[in-house]
Amino acid sequence: MPRRGGGETTVFQGLEFHVDGGEVVDLTGPSGSGKSTLLTAFARLNVYTTGSFALDGKDSDTFTPQQWRVNVAYLPQTSTLIGETVADAIRLPWTLKVRQGERAHEPKDMLSDAHIRATLDRMGCRGIDLGRAPRDLSGGQAARVSLARTLLTKPRVLLADEVDAGLDEENADKVADLLKLAAHEGTAVVRIRHRAPDGRATRMMVLKDGALREVPLPTAAQVAAAQRADVVDGSADDTADGTADEKE
């Protein structure tokens, strides 16, 4: 039962939700309905949350918050890439206390440049130099580097909070492909989306008025029609605000 701020305002209560490994579940709903609140609750990042969560049948109370977050990764809409280089930014999780028990060596020994390079190449980021400063990345590049960093930690559950917002269609499509690939490799993926359906979801849920319900997936024809409409509606905005990212 998440509450906003320090008061007793209930965002929702009595929700039941499950996701299996290999699924891509799209979470939609009106702005302000509590979608991000729900994901941060799942990730145990919301201190105002009460309720129970389980991973592989094990209650979240049996995990420390740090242990839970190793398995359940939350990827915000805008991730901060900290480090002098792209490689440093990707290795950041291996410098944190939550993962110190997993390694007896330095982060660079655990995650080599070759491994990072291969991952980025697979994600269509061949043009990103590992020695490049993160601040010099375009929006689409930064989004994929952030996603690469998260995927390299091998979470059991990945909670993606509008990670394609602000990206042009090509970069948004690349991010969607990567999330689908993560699901194919066994990760349970939950995506908050406001874009047109892209055909990657295995289930769709709508959060509205404090209630969560499953809705039918759109047909292939409906997906194609929605994407055509989305491209037309978004083209003027991309030109006006300069959000279209450089292509690789």
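Quick rundown of the values:
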{"quantity": "Count of region 22-44 residues which are under 24 Å from LEU151 (Cβ atoms) and in contact with a helix residue (DSSP H, G or I) (Cβ under 8 Å, 6 or more places away or on another chain)", "calculated": "7"}
{"quantity": "Test: THR202 is farther than 20 Å from ALA229 by Cβ, hydroxyl-bearing (Ser, Thr, Tyr) and buried (at least 21 other Cβ atoms within 10 Å of the Cβ)", "calculated": "no"}
{"quantity": "Selection status of GLY14, of a type in the set (Gly, Ala, Ser), at pLDDT 85 or above and surrounded by fewer than 19 Cβ atoms within 10 Å (Cβ to Cβ)", "calculated": "no"}
{"quantity": "Filtered residues of region 17-64 (kept if surrounded by fewer than 12 Cβ atoms within 10 Å (Cβ to Cβ), modelled with pLDDT under 85 and within 26 Å of PRO93 (Cβ to Cβ))", "calculated": "VAL47"}
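The values are calculated or read from the model by the stated rules, or taken from the named source; none is laboratory data. Owing to the predicted nature of the structure, the values given are computational and were not obtained by experimental measurement. Note: ideal-geometry Cβ built from the backbone for every residue, glycine included; neighbour counts use all protein chains shown.
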